[in-house]
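Colleague: If you scroll down you'll find the structure; I have some questions about it.
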Amino acid sequence: MAFALLAAVPAWASLDAAKAEPNLEKRSSLALDNASRALKSAQDAYLAQNDMKQVAAALEEVSASVQLAYDSLEQTHKVPSRSPKYFKKAEIETRELLRRIDDFREQMSVDDREPLDKARATVQKVHESLLEGIMGGKKKG
């Protein structure tokens, strides 16, 4: 019976673990790992069962995870162009997420794309902010 309860919990349900991480840079990494797992979960739910409720929930988790990663890096108060390690890692991972989202979008019906497009917009915004910070540009207001 315990196994059945564990099976009901999504594989990407570890955003709470990321939020609990006191090291902001590690929190960012954990959140991005969670975003990747949530995107995989959304793809699996769509391709296996076409369960749009589960897909939408997983895509919201992608957005929340990416936003947590970015916010955590911002809270370090480090300058991305001077201490780029974790910022660059996040930029690379968000770029990869965008690629995977675009691939997933091609597999979806046009009618089912709205939740994916919302998640993509969040990831795109964070990616651009990270890239701009690393390159030393001014932040957009």
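Colleague: Check SER36 against each of (1) farther than 24 Å from LEU15 by Cα; (2) surrounded by fewer than 22 Cβ atoms within 10 Å (Cβ to Cβ); (3) in contact with a helix residue (DSSP H, G or I) (Cβ under 8 Å, 6 or more places away or on another chain) and name the one condition it does not meet.
Modeller: Unmet condition: (1).
Colleague: Moving on to the next point. Might you check whether a residue that is among the polar types (S, T, N, Q), in a helix (DSSP H, G or I) and either in contact with a strand residue (DSSP E or B) (Cβ under 7 Å, 6 or more places away or on another chain) or surrounded by 15 or more Cβ atoms within 10 Å (Cβ to Cβ) (or both) occurs anywhere in the stretch 99-120?
Modeller: no
Colleague: Let me confirm something: among VAL66, VAL55, VAL62, which residue is among the β-branched types (Val, Ile, Thr), closer than 17 Å to GLY133 by Cα, in contact (Cβ under 8 Å) with a residue 40 or more places away in the chain and part of a helix (DSSP H, G or I)?
Modeller: Details: VAL55 fails: closer than 17 Å to GLY133 by Cα; VAL62 fails: closer than 17 Å to GLY133 by Cα.
Answer to the selection: VAL66.
Colleague: Further question: Mind checking whether some residue in the stretch 88-95 is part of a helix (DSSP H, G or I), among the small types (Gly, Ala, Ser) and modelled with pLDDT under 95? Give the steps one after another, and end with the answer.
Modeller: Just the residues of the stretch 88-95 that are part of a helix (DSSP H, G or I), to begin with: 88-95.
Pick out the ones that are also among the small types (Gly, Ala, Ser) and you get 90.
The next check asks that each one be modelled with pLDDT under 95; those that pass are none.
Scanning the stretch 88-95 turns up no residue that is part of a helix (DSSP H, G or I), among the small types (Gly, Ala, Ser) and modelled with pLDDT under 95.
Colleague: When the residues of the stretch 74-98 are narrowed to those that are under 14 Å from the mean Cα position of the chain (by Cα) and closer than 15 Å to SER29 by Cβ, which ends up surrounded by the most Cβ atoms within 10 Å (Cβ to Cβ)?
Modeller: In this case the residue turns out to be ALA90.
The values are calculated or read from the model by the stated rules, or taken from the named source; none is laboratory data. Because the structure is a prediction, the values reported are computed rather than measured. Cβ atoms come from the backbone with ideal geometry, glycine included; neighbour counts cover every protein chain shown.
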